[in-house]
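J.: Okay, handing you the structure first.
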Amino acid sequence: MEYVSSDRMIRPAINATALKILIAGGFGVGKTTMVGSVSEIEPLRTEEQLTERSAGVDDVTGVERKRTTTVALDFGRITINTELILYLFGTPGQDRFWFMWDELAQGALGAIVLADTRRLASCFAAIDFFEERQVPFVVGVNCFDGSQAYTVDEVRAALDVDPFVPVLLCDVRQRASTKEVLTALLEHIMSITGHGRARRAVVDR
Amino acid sequence: MSGDDSAWFDEDAGPLARPYTFTRGRTHVDRNDLNMITLVVALRSHHGGELDHAHERILACCQNPISIAEVAAGADLPLGVVKVLLSDLIEQNYVLFRTGLASPSAAASPDTLLKVLDGIREL
């Protein structure tokens, strides 16, 4: 894959502002592909070790020691200019533990929840996560083979997201398509912040 | 511990123990101002031998301003470990980090959002 900008490797200043957008969804839905479609670098992988706080999970076995789990994130970068850098983090799909990663949502500008209509339920957890933490998000319905079995309205109804949350069809392999979803997210964030914070809109449901 | 020595060979525990030997067991940093997108940069080149290998590895990754997530990916170490090592390097004035961005939401002013939007459109 070609990455966006071998010709525009801008070196950020140390006082640059770094922002992050999260891309979440079920396993194999195309999160890393989406990151790669707009990143100026080949997606990188970083890991965090999370300690499971609850002993409840292991209660049946009587084992109550804490478990440490390694959770990986794939991420890419878009250097807007020397003063502004946007990071896109693809959350791990299969691993339930990323929901404990508090730092992930902290300070995130917003999120994209990628949905696969063949396995819609696999993105419910991500939607809950962002709703709970009041992170503005849009839903991108990844159309893998170009055929779309469901309309946006059907997907929206199935996901039961708030009416103000944008739901779009996309093909994450295509840079133009990923740009559209990112644009929709930014516009969504701006519309929310223009009328009070996202949290208010969420609380008012 | 359960008292069962085989626990040490539990694959869940296996490779996880090692990175934290770099940090001499420290798993948390006192400072809460380092996050995965905090930008860091090496302040000076060091002379060989001053630092241990793990710190050198981190320092080598941040010769230009770079996020902590990228340092972790470059050094192939977990984020938590990298934060501990970076906080050492910051305390010893090897590394400078971007201050004052405690709340990234504060940084996302309408003007900033507009710049991001324009930047995405230009991709």
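J.: Quote the FRET efficiency, to the nearest 0.05, computed for A:Glu132 versus A:Glu83 with a Förster distance R0 of 30 Å and r equal to the Cβ-Cβ distance.
T.: The value I calculate is 0.40.
J.: Let me ask something additional. Just checking the output field for A:41-50: average partner chain Cβ neighbours within 10 Å of each residue's Cβ? Display every interim value, and only then the final one.
T.: Values: counts 2, 0, 1, 6, 4, 15, 10, 9, 8, 2.
Taking all residues of A:41-50 together, the mean is 6.
J.: Sticking with this one: Tell me, A:Glu103, B:Glu50 in order of fewest to most beta-carbon neighbours within 10 Å?
T.: So the residues, fewest neighbours to most, are B:Glu50, A:Glu103.
J.: For segment A:79-118, place one equal point scatterer on every Cα, skip the solvent, and apply the Debye formula. What is log10 of I(q)/I(0) at q = 0.24, 0.27 Å⁻¹?
T.: So the normalised log intensities are -0.97, -1.09.
J.: For segment B:30-121, which semi-axes, largest first and in whole Å, follow from the square roots of 5 times the eigenvalues of its Cα gyration tensor?
T.: Rounded to whole Å, the semi-axes are 28, 13, 12.
Computed from the coordinates by the stated procedures, all read-outs in this text should not be read as laboratory data. Please read these numbers as outputs of a predicted model, since none were measured by experiment. Counting neighbours? That spans all protein chains shown, and the Cβs are built from the backbone with ideal geometry, glycine included.
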